[in-house]
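Just so it is clear, none of the values below were taken in a lab; they were calculated from the coordinates. Fair warning: this is a prediction, and the values are worked out from it, not measured in the lab. Glycine also receives a Cβ, built like all others from the backbone with ideal geometry; neighbour counts cover every protein chain displayed.
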Amino acid sequence: MRTPFISMFVTSPFDGIEEHAEKVKECAWTFQQAVECHVSKECKRFEELRQEIIHLEREADAVKRRIRGHLPKGTLLPVDKFQIFRYLREQDCVLDSVEDALDWISYRSEPGIPDTLKKDFLLFVDGVIDPIDELSHMVKEARQYFKNYSEDQRVTVKDIIRRLRELEHEADKREDAIKRKVFESETDPVTVFHMVRLAETIGSIADHAENAGDMMRAMVAK
């Protein structure tokens, strides 16, 4: 059994990673509200919600800087420092994609989503939120694993990662369905370009969540 090195220093990097993951989760919920607001056309809070996400992203950046600042050279860690950095980068990219998606929506003055796409689009957004929920759960369980190195705990983390991968695959299928439907139902080239690019940007949210899961799998590997 490996010695739990994480107990040898005051603050575990996974404390900060979990805090960062909660910021990501909070951003995801706000993102969902912002998209629903945009789809409804009658909602006037889109810009307010977008600014809230910008604020949350800045708070997450502060957490990220603190994590990096507390990993000086020579510090004993349960995993390689660069694995932690790579994981954190992917988790942070989830936030970047959320912000990019809302920015892209805001660039077009005409609000809303074509009526033929509304239902599919909202289901797609739900589908990219699910992996983020799993991401937060995964970090919580991984934090416990790096405290006690329990094999049962490691299996739990791996099961969550497997579930995260399945959810990302479902999100990919919904993204493809939306893009196919856009080309079938829309004739305005601006709308086609805007919707396809928006679908790809939102899809990248789930992609980065899956990438973070892959990084975590490498960290818990024996």
Sorted from largest down, give the three principal axis spans of the alpha carbons of the chain, whole angstrom values. 62, 31, 23
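Net charge within 13 Å of D172 by Cβ-Cβ distance, Lys/Arg positive one each and Asp/Glu negative one each, not counting D172 itself? Spell out each step's value before the answer.
On the way: positive: R165, K173, R174, K179, R180; negative: D130, E166, E168, E170, E175, D176, E200, D207, E210.
Counting the neighbours of D172, the net charge comes to -4.
Sorting V24, V190, V39 on the 10 Å Cβ count, fewest up front, what's the list? Numbers along the way, then the final one.
Details: V24 25, V190 10, V39 21.
Going from sparsest to densest Cβ surroundings: V190, V39, V24.
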C-alpha center-to-center spacing [the stretch 134-192, the stretch 105-119] in angstrom: 24
Compute the helix-to-body angle for 46-69: its Cα long axis versus the longest principal axis of the chain, expressed 0 to 90° and rounded to tens. 20
Which whole-number percent gives the relative contact order of the chain, counting Cα pairs below 8 Å spaced six or more residues apart? 29
What angle do you read, to the nearest 10 degrees and between 0 and 90, between the alpha-carbon axis of helix 81-107 and the longest principal axis of the chain? 20
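Using 19 Å as the Cα-Cα cut-off, could you pick out the over-long pairs in K41/K118; K23/K173; K118/K179; K118/K173; K25/K173; K25/K140? Let's see the in-between values first.
Numbers: K41/K118 11 Å; K23/K173 27 Å; K118/K179 13 Å; K118/K173 16 Å; K25/K173 22 Å; K25/K140 13 Å.
Listed pairs above 19 Å: K23/K173; K25/K173.
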Among A34, S150, H208, flag the residue with its Cα farthest along the positive direction of the charge dipole of the chain, charges on Cβ as +1 for Lys/Arg and -1 for Asp/Glu. S150
About the Cα centre of the stretch 12-220, how large is the charge dipole given +1 on each Lys and Arg Cβ and -1 on each Asp and Glu Cβ? Please answer in debye to the nearest 20. 700
For the chain, just give the cysteines left without a disulfide-compatible partner, judged by no other Cys Cβ under 4.7 Å. C27, C93
